[in-house]
1. Return the total of residues in region 116-145 being assigned to a helix (DSSP H, G or I) and aliphatic (A, V, I, L, M).
2. Do any helices (runs of 4 or more DSSP H) entirely within region 487-554 hold 3 or more residues that are over 30 Å from Lys289 (Cα atoms), touching a residue at least 12 places away in the same chain (Cβ under 8 Å) and assigned by TED's automatic domain parsing to the domain that holds Ile461, and if so, which?
3. When you check Gln292 against the structure, is it within 26 Å of Thr413 (Cβ to Cβ), part of a helix (DSSP H, G or I) and of a type in the set (S, T, N, Q), yes or no?
4. Return the only residue of Lys2, Lys18 being at pLDDT below 95 and among the charged types (D, E, K, R).
5. All but one of (1) out of contact with any helix residue (DSSP H, G or I) (no Cβ under 7 Å at 6 or more places or on another chain); (2) more than 17 Å from Glu440 (Cβ to Cβ); (3) modelled with pLDDT of 95 or more; (4) surrounded by fewer than 17 Cβ atoms within 10 Å (Cβ to Cβ) hold for Phe524; which doesn't?
6. Mind telling me which of the residues Glu539, Glu544, Glu513 ends up being out of contact with any Lys or Arg (no Cβ under 9 Å at 6 or more places or on another chain) and over 21 Å from Tyr445 (Cβ atoms)?
7. From (1) in a helix (DSSP H, G or I); (2) free of Cβ contacts under 8 Å to residues at least 60 places away in the same chain; (3) out of contact with any Asp or Glu (no Cβ under 9 Å at 6 or more places or on another chain), pick out the condition that doesn't hold for Gln202.
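The values are calculated or read from the model by the stated rules, or taken from the named source; none is laboratory data. Not measured: the values here are computed from a predicted model. Cβ coordinates were reconstructed from backbone atoms using ideal geometry, including for glycine residues, and neighbour counts include every protein chain displayed.
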Amino acid sequence: MKQFSSKRSIQILAHLLKEYGIFNIVISPGSRNAPLAIHFSETDEFNCYSIVDERSAGFVGIGMAKSEKMPVAITCTSGSAAANYYPSITEAFYQNVPLLVLTADRPSDYTDIFDGQTIRQKDLFQQHSYGDFQLLEDEKENADEENFDLIKKAIELCFEKQGPVHINIPLAEPLYELVSEVPHYPKVEKTFHHKKYELPSQLIAEWNLAKRILILVGTRDYSEKLEMQLFQLVKNHSAVILTEVNSNLKNDKFFSHIDRYIFNFSDEDCKNYAPDLLITVGQNVVSKKVKQFLRKAHPKNHWHIDEVWQPDTYFSLTEKIETQPEIFFGKLLNFIKLEPQSYFNLWDVLRDKKDLKHLEYCQNVVFSDFKFFEILSEKIPNNYHVHISNSSAIRYAQLFSYQQYRIHSNRGTSGIDGCTSTAMGYAMRNTQPTLLVTGEVSFFYDINGLWNQYIPPYTRIIIFNNGGGDIFKIIPGPGTANALDEFILTKHHKNAELLAKNFGFSYTRVEDEDTLVRVLDNFFSPDAQPKILEVDTAEIENAEILKGYFEFMK
């Protein structure tokens, strides 16, 4: 016989989640949130996942939400458990991933009286959430009606903003009173608000007058429609389109390796290649160099297109276009002139020159992190969804051709803390296989991302182990500090072999190019358990090889 929580606030919450189609629930075990865990796990419609570590659980929720393109609910007990969600909430906030954050709490009058596991949870995530709500306890006057309205508002805000929304739920003891039936709650009249976008006439004029139009696409999910629209804009060489590996766009007319082309730009180059109209699409870009270039460029007009974020990243923003890029470009294409411009040819000549130099360097480079990323770009099966961790991993990937894959990376706050957990959450809810490509420091930091029973056997992880946070040898500054090895780079001699065994992954380790090429095909072949491949480059001067690449590309 089914056993449900007797807490009416939890019954109402579950009812509304079902009404809005939110069925994936990530539960971190605890006592204060036991009513939620009991109720959700006993309700047939919900897919419940037990993730012990709340920091990991939040990122697992991000991965699931990105995979399903639907909100995911995460729930934990009170106190520091709730605070451990914060890294994932900041990532979801800046990446616009819909998380419904359900934190159980002590009764509201228990705060600051030194009751166990009690902190100031109300509005805990206010700086990085799109809404903060606190439910009334069941015994409060009009609790059912007010909680129904609060939860409805929170869920709709989560959908509308596509980001984290927090519901704090004070629960008084007893926590384990159960019922076999729940009351009938009313159907919901959904009240989503959809903005209608009208194209301002002055934007048509600005496009038609511009001779040097540059479109920069940052982090975003794949969109076939946007890809086709941008091709229409560029096929006659009317504009230049810069993309990164995490832009998830592919076309021979797009310039897909920004750092390959502009890393060594002088002040004179910045002036020569500067646009007069800059159009930015999506969110965070990886390339620091493109930010420096465009901040020096001072374009006459800068439009940014995004439903939620309108950042003045390049200190030149003139138009905030608050709609989906597919809607905007669909309207723009009806009115603008698409005339060939010499600006495209300027960039095209640069591309041909730099691509030849890139190929020449690759032919002569020794085995290293650089060589590993080149080899891997040619060996991943096309059906894989590829998650690339932060730090040096995503920077190496920008230099090679990963555009044929669906690429994901936590570029909201760009931290290493949840890359593994996000990839594993994505894998749990996706029928296509998932590959995580990660540095070893990021992998070790988030090892609890593997601490669950739901990772499918077609999941793959490749760790490139260079013996520390090699990014700090690459970026300017840290290399001059006496504290580099111990306190910045964190040099070590660890590997992932025993961790792989502990979490039920098969494990292979390689140290040279020939072995890597030989094992990769088998690594991607089907197996009864997920696999980890560790590429050991710890004895190689990886930073010098990468610096040598950019020096060669001048």
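1. Going through region 116-145, the residues assigned to a helix (DSSP H, G or I) turn out to be 126-128, 143-145.
If we keep only those that are aliphatic (A, V, I, L, M) too, we end up with 143.
Matching residues across region 116-145 total 1.
2. Counting at least 3 such residues, we get 497-502, 513-523.
3. Values: within 26 Å of Thr413 (Cβ to Cβ): yes; part of a helix (DSSP H, G or I): yes; of a type in the set (S, T, N, Q): yes.
Against the criterion (within 26 Å of Thr413 (Cβ to Cβ), part of a helix (DSSP H, G or I) and of a type in the set (S, T, N, Q)), Gln292 qualifies.
4. Values: Lys18 fails: at pLDDT below 95.
Among Lys2, Lys18, only Lys2 is at pLDDT below 95 and among the charged types (D, E, K, R).
5. Among (1) out of contact with any helix residue (DSSP H, G or I) (no Cβ under 7 Å at 6 or more places or on another chain); (2) more than 17 Å from Glu440 (Cβ to Cβ); (3) modelled with pLDDT of 95 or more; (4) surrounded by fewer than 17 Cβ atoms within 10 Å (Cβ to Cβ), Phe524 violates only (4).
6. Values: Glu544 fails: out of contact with any Lys or Arg (no Cβ under 9 Å at 6 or more places or on another chain); Glu513 fails: out of contact with any Lys or Arg (no Cβ under 9 Å at 6 or more places or on another chain).
Testing whether each residue is out of contact with any Lys or Arg (no Cβ under 9 Å at 6 or more places or on another chain) and over 21 Å from Tyr445 (Cβ atoms) leaves just Glu539.
7. All conditions pass for Gln202, except number (3).
A quick yes/no check of all residues on (1) touching a His at 6+ places or on another chain (Cβ under 9 Å); (2) of a type outside the set (Ser, Thr, Tyr); (3) in contact (Cβ under 8 Å) with a residue 60 or more places away in the chain; (4) within 20 Å of Ile22 (Cβ to Cβ):
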{"position": "Arg120", "(1), (2), (3), (4)": "no, yes, no, no"}
{"position": "Asp123", "(1), (2), (3), (4)": "yes, yes, no, no"}
{"position": "Gln126", "(1), (2), (3), (4)": "yes, yes, no, no"}
{"position": "Lys152", "(1), (2), (3), (4)": "no, yes, yes, yes"}
{"position": "Glu160", "(1), (2), (3), (4)": "yes, yes, no, yes"}
{"position": "His193", "(1), (2), (3), (4)": "no, yes, no, yes"}
{"position": "Val217", "(1), (2), (3), (4)": "no, yes, yes, no"}
{"position": "Tyr222", "(1), (2), (3), (4)": "no, no, yes, no"}
{"position": "Glu227", "(1), (2), (3), (4)": "no, yes, no, no"}
